[in-house]
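Below: one structure, written as structure tokens.
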Amino acid sequence: MIGEEVQVRLREIVSRYPSARSAMLPCLHLVQEEQGYITPEGIIAVAEAIGAKPDEVESVVTFYSMYTEEPKGRCVIKVCTSIACYLRGCDDVLAHLEQRLGIRKGETSSDGRFTLEAAECLAACGMAPAMQVNGRFFENVTTESADTLVDYLVSAGDTAALTSAWQPVSDGRGMATVSRLDAANPAVEAVEAADTADTTAQQNGAHER
Amino acid sequence: MSETPGTTPANNSLPLGPTPRFLTRNFGVPGIDRIEVYRQHGGYESLAKALTQFEPDALVEEVKKSGLRGRGGAGFATGMKWGFLPKDNPKPRYLCVNADESEPGTFKDRVMIMEVCPHLLVEGTIISSFATKVHHAFIYVRGELPLAERQMARAVREAYDAGLLGKNILGSGFDLDITVHRGAGAYICGEESALLESLEGKRGYPRLKPPFPAVVGLYSSPTVINNVETIATVPAVVEHGADVYAAYGTEKSKGTRLYCLSGHVERPGNYELPLGVPLRTLIEDYGGGVRGGRQVKAVVPGGSSTPFLKPSQLDTPLDYESVAAAGSMLGSAGVIVLDDQTCIVGAVLRMTEFYRDESCGKCTPCREGTFWLVQLLERLEAGHGKESDIPLLADICDNIFGRSFCPLGDAATMSIVSSIKLFYNEYLHHVTAHGCLVGPRARGVAVGAGANV
């Protein structure tokens, strides 16, 4: 259900733009995060917040690949399958995950826990192959590290604590940010905790204007 | 000895040494994503200098003089682009920073700037807005990059709190708001007019040009759209001066770029180097050469939307003009290396699937053509193709190229046309031997030679 608190946040998002309609995409992100997918109720809430017709909102929903009108698994695993990851073995990782999870790409497991997807280039070509779990990057993935991740996801039962160890690294000449799965403990990273606090503050309307 | 690639003679006299770091100086400094650390390392000093020592028009001139060109792909002169804003239009002006990084092979804006040093982009955005007399700027971050978006949003909040955004910035009388906007999954929105449509809350369909965004852009107002790396370079131009920046690179391609090296190299990653660095230097000296001691088969020099270069072109300097002269484009500087064990048909198929999936569907040649291209390539790759499929591929490309609103369709043809030219025999082998010449995935050969299934 879209409650009053969400309505307030929708209005806050709209206030950031010179034209209310420009808040379309962020408002849709918000209602999708709230409800897990874009519901008819979510479409109406966004339409009211930005002063558009529900049909207009729906036409936008169907254009952008990140919006879904169907529920997905609690863990959405996206494996990048574009050219740079392809050259470094992403197809093996994807095939391995299909086997491990017992689902094909594009499917959701029957218990509603996992959705497995192939993604277009995730801008991680120098750390290929790369994948995301609920938006968090995991790079230089191998079939072994993918297993570690699934083990963790299965045992934790929830992605709230899931983090990737993210750090900028430099070998003195070239540079990359690298997020790796720590086999011993994939869920430890202080930086992300701070980020989460910030995100919450932002969602609560702390965007100073 | 070729230590200082891309720099014209007299390397010793270069003001900042042979390989300056205009963008990545603070890479790896702990906490550089927070405003206090960024300021401790000289952050926002360029902003102060710009606001106190320059008039807006003088800043535009300075950027023109620096020779800075767009880093998103087209390489248009930044200062000139800014200069196209009409002087007599009473509508508000807008700046849109294109942070919709999604060109396969490109990972500089997310990795090197937004996630690690977001304040560099905020500072560049403020200076660029001041120069172009903009009072509301947008940073359009690709939807699939939530950490980048969070980092940018936090940096913007910190800048507001520090009085670097909002009203009367640093007492200059200049006002600016920045809105960090998140996309929702559409490669096409990296095309500037589609980005504007998206930012207006619509489906991301490209607009017909002209009119160009400088005249009719966001909300039909004059609008500047620049890539993240372009905007993030502006503070360095202000700090060091246009002449120092222009001392690097080549005559027409000035300064440094973030080269994104990926594929079959030992050390993939981002390398900030002067424009004009030879491709071979990037791959061998910086990238550690081809993985496993193999040979280069082909290189995509500027993201997957640019034609292949062949091994004999490895000495091509990576600047806009030299790469164009070699028959390709520097594009987004996403350098993808393919080794000699790569099936070119398989690689091209994968690259083409991307354009099929990302075609927005507005223009028929691109929407239908990319679909057919994939079907033909699938058939060839699997060893079921006909020899006539090869010219048919080229013919479809010919019917896509130049026949759509935006360059996505053109981009889809690049790898196909160039690979047929460079690797015709490999395509033919897929037809005659029903399988691949090379690599561990040479399954057609295995089938033909073995079980005869």
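Under the condition of being within 11 Å of chain A (Cβ to nearest Cβ) and crowded, with 22+ Cβ neighbours inside 10 Å, which residue from region B:163-178 is nearest to A:ILE38 (Cα to Cα)?
The qualifying residue nearest to A:ILE38 (Cα to Cα) is B:ILE178.
Please go through region B:41-62 and pick out each residue that is outside any helix (DSSP H, G or I) and not aromatic (Phe, Trp, Tyr).
B:HIS41, B:GLY42, B:GLY43, B:GLU55
Being assigned to a strand (DSSP E or B) and either free of Cβ contacts under 8 Å to residues at least 12 places away in the same chain or open to solvent by 10 Å² or more (accessible area, probe 1.4 Å) (or both) is the filter here, so list the residues in region B:96-149 that pass it. Explain how you work it out, then say what you get.
First, pick out the residues of region B:96-149 that are assigned to a strand (DSSP E or B): B:96-99, B:136-141.
If the condition is that a residue be assigned to a strand (DSSP E or B) and either free of Cβ contacts under 8 Å to residues at least 12 places away in the same chain or open to solvent by 10 Å² or more (accessible area, probe 1.4 Å) (or both), then B:ASN98, B:HIS136 are the ones that fit.
Taking region A:19-33 only, how many residues are open to solvent by less than 20 Å² (accessible area, probe 1.4 Å), more than 7 Å from chain B (Cβ to nearest Cβ) and either touching a His at 6+ places or on another chain (Cβ under 8 Å) or without any contact (Cβ under 8 Å) to a residue 24 or more places away in the chain (or both)?
1
Residues of region B:255-281 being open to solvent by 10 Å² or more (accessible area, probe 1.4 Å), more than 13 Å from every other protein chain (Cβ to nearest Cβ) and not in a strand (DSSP E or B), which ones?
Passing the criteria: only B:ARG280.
Do we find a residue being out of contact with any His (no Cβ under 6 Å at 6 or more places or on another chain), facing chain A (nearest Cβ under 10 Å) and of a type outside the set (Phe, Trp, Tyr) anywhere in region B:317-328? Before you say what the answer is, go through the steps one by one.
We begin by selecting, within region B:317-328, every residue out of contact with any His (no Cβ under 6 Å at 6 or more places or on another chain); these are B:317-328.
Next, only the ones that are facing chain A (nearest Cβ under 10 Å) stay: none.
No, because not a single residue in region B:317-328 is out of contact with any His (no Cβ under 6 Å at 6 or more places or on another chain), facing chain A (nearest Cβ under 10 Å) and of a type outside the set (Phe, Trp, Tyr).
Does at least one position in region B:237-254 carry a residue that is within 11 Å of chain A (Cβ to nearest Cβ) and open to solvent by less than 10 Å² (accessible area, probe 1.4 Å)?
no
Considering only region B:204-220, I want to know if a residue exists there that is at pLDDT below 95 and among the aliphatic types (A, V, I, L, M).
Within region B:204-220, one or more residues are at pLDDT below 95 and among the aliphatic types (A, V, I, L, M).
One line per residue, one yes/no per condition, for (1) out of contact with any Pro (no Cβ under 8 Å at 6 or more places or on another chain); (2) under 23 Å from B:ILE113 (Cβ atoms):
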{"site": "B:ARG157", "(1), (2)": "yes, yes"}
{"site": "B:TYR160", "(1), (2)": "yes, yes"}
{"site": "B:ASN168", "(1), (2)": "yes, no"}
{"site": "B:ASP177", "(1), (2)": "yes, yes"}
{"site": "B:SER198", "(1), (2)": "yes, yes"}
{"site": "B:ARG203", "(1), (2)": "yes, no"}
{"site": "B:ALA214", "(1), (2)": "no, no"}
{"site": "B:ILE225", "(1), (2)": "no, yes"}
{"site": "B:ILE231", "(1), (2)": "yes, yes"}
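Could you list, in sequence order, the residues of region B:184-220 that are within 17 Å of the chain's Cα centre (by Cα), under 24 Å from A:ASP55 (Cα atoms) and not in a helix (DSSP H, G or I)?
Narrowing region B:184-220 to residues within 17 Å of the chain's Cα centre (by Cα): B:186-195.
Still in the running and under 24 Å from A:ASP55 (Cα atoms): B:186-189, B:193-195.
Hit for region B:184-220 is B:ALA186, nothing else.
Output the residues belonging to region B:199-242 that are out of contact with any Asp or Glu (no Cβ under 6 Å at 6 or more places or on another chain) and β-branched (Val, Ile, Thr).
B:VAL215, B:VAL216, B:THR223, B:VAL224, B:THR230, B:ILE231, B:THR233, B:VAL234, B:VAL237, B:VAL238
Looking for something in a helix (DSSP H, G or I) and either open to solvent by 40 Å² or more (accessible area, probe 1.4 Å) or at the interface with another protein chain (Cβ under 9 Å from one of its Cβ atoms) (or both) - is there at least one such residue anywhere in region A:8-18?
Checked region A:8-18: at least one residue is in a helix (DSSP H, G or I) and either open to solvent by 40 Å² or more (accessible area, probe 1.4 Å) or at the interface with another protein chain (Cβ under 9 Å from one of its Cβ atoms) (or both).
One line per residue, one yes/no per condition, for (1) outside any helix (DSSP H, G or I); (2) more than 13 Å from chain A (Cβ to nearest Cβ):
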residue: B:LYS297; (1), (2): yes, no
residue: B:THR306; (1), (2): yes, no
residue: B:THR342; (1), (2): yes, no
residue: B:VAL348; (1), (2): no, no
residue: B:CYS360; (1), (2): yes, no
residue: B:GLU368; (1), (2): no, yes
residue: B:TRP372; (1), (2): no, yes
residue: B:GLU378; (1), (2): no, yes
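Going through region B:189-203 one residue at a time, which ones are within 16 Å of B:THR106 (Cβ to Cβ) and either at the interface with chain A (Cβ under 9 Å from one of its Cβ atoms) or free of Cβ contacts under 8 Å to residues at least 40 places away in the same chain (or both)?
B:CYS189
Rundown of residues vs (1) closer than 19 Å to A:MET127 by Cα; (2) under 21 Å from the mean Cα position of the chain (by Cα), yes/no style:
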| site | (1), (2) |
| --- | --- |
| B:PRO268 | yes, yes |
| B:GLU272 | yes, yes |
| B:ILE283 | yes, yes |
| B:VAL300 | yes, yes |
| B:PHE308 | no, yes |
| B:ASP315 | no, no |
| B:LEU318 | no, yes |
| B:MET329 | no, yes |
| B:CYS343 | no, no |
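Can you report the number of residues in region B:19-40 which are outside any helix (DSSP H, G or I) and either among the polar types (S, T, N, Q) or touching a strand residue (DSSP E or B) at 6+ places or on another chain (Cβ under 8 Å) (or both)?
Residues in region B:19-40 being outside any helix (DSSP H, G or I) and either among the polar types (S, T, N, Q) or touching a strand residue (DSSP E or B) at 6+ places or on another chain (Cβ under 8 Å) (or both): 9 in total.
Pull up region B:150-162, narrow it to residues that are facing chain A (nearest Cβ under 9 Å) and touching a strand residue (DSSP E or B) at 6+ places or on another chain (Cβ under 8 Å), then point me to the one that is surrounded by the most Cβ atoms within 10 Å (Cβ to Cβ).
Once the filter is applied, the top-ranked residue is B:VAL156.
Run down A:ALA156, A:ALA130 and say which single residue is on the phi < 0 side of the Ramachandran plot and either assigned by TED's automatic domain parsing to the domain that holds A:LEU28 or in contact (Cβ under 8 Å) with a residue 40 or more places away in the chain (or both). Give the derivation first.
Details: A:ALA156 fails: either assigned by TED's automatic domain parsing to the domain that holds A:LEU28 or in contact (Cβ under 8 Å) with a residue 40 or more places away in the chain (or both).
Criteria check complete, one pass: A:ALA130.
Quick one: A:ALA123 ticks every box in (1) over 18 Å from B:SER102 (Cβ atoms); (2) assigned to a loop (DSSP other than H, G, I, E, B) bar one, so which box is it?
Unmet condition: (1).
Of these, A:ALA84, A:ALA95, which one is at pLDDT 70 or above, in contact with a strand residue (DSSP E or B) (Cβ under 6 Å, 6 or more places away or on another chain) and not basic (Lys, Arg)?
Exactly one residue qualifies, and that residue is A:ALA84.
In region B:31-49, what count of residues is obtained for those that are more than 15 Å from B:GLN151 (Cβ to Cβ) and open to solvent by 30 Å² or more (accessible area, probe 1.4 Å)?
Selection size over region B:31-49: 7.
Determine whether region B:158-180 contains at least one residue that is without any contact (Cβ under 8 Å) to a residue 12 or more places away in the chain and under 23 Å from the mean Cα position of the chain (by Cα).
no
Does A:VAL79 count as within 23 Å of the chain's Cα centre (by Cα), touching a residue at least 40 places away in the same chain (Cβ under 8 Å) and within 14 Å of another protein chain (Cβ to nearest Cβ)?
Considered against the rule, which asks whether it is within 23 Å of the chain's Cα centre (by Cα), touching a residue at least 40 places away in the same chain (Cβ under 8 Å) and within 14 Å of another protein chain (Cβ to nearest Cβ), A:VAL79 comes out as yes.
Select the helices (runs of 4 or more DSSP H) contained entirely in region A:34-109, then report the ones holding at least 2 residues which are surrounded by fewer than 18 Cβ atoms within 10 Å (Cβ to Cβ). If you could, list the steps in order and put the result at the bottom.
On the way: elements: A:40-50, A:54-61, A:83-87, A:90-101.
In region A:34-109, the matching helices (runs of 4 or more DSSP H) lie at A:40-50, A:54-61, A:90-101.
Would it be correct to say that B:ALA77 is open to solvent by 20 Å² or more (accessible area, probe 1.4 Å), more than 14 Å from every other protein chain (Cβ to nearest Cβ) and more than 24 Å from the chain's Cα centre (by Cα)?
It is false that B:ALA77 is open to solvent by 20 Å² or more (accessible area, probe 1.4 Å), more than 14 Å from every other protein chain (Cβ to nearest Cβ) and more than 24 Å from the chain's Cα centre (by Cα).
Check whether at least one residue in region B:314-325 is over 20 Å from B:GLY249 (Cα atoms), modelled with pLDDT of 95 or more and open to solvent by 10 Å² or more (accessible area, probe 1.4 Å), and report yes or no.
No, that holds for no residue.
The values are calculated or read from the model by the stated rules, or taken from the named source; none is laboratory data. It should be emphasised that the depicted structure is a prediction, and the values quoted were computed from it without experimental measurement. Heads up, the Cβs are rebuilt from the backbone with ideal geometry, glycines too, and the neighbour counts pull from every protein chain shown. Heavy atoms of the whole protein, side chains included, go into the accessibility calculation; ligands, DNA and RNA do not. Shrake-Rupley method; radii C 1.70, N 1.55, O 1.52, S 1.80 Å.
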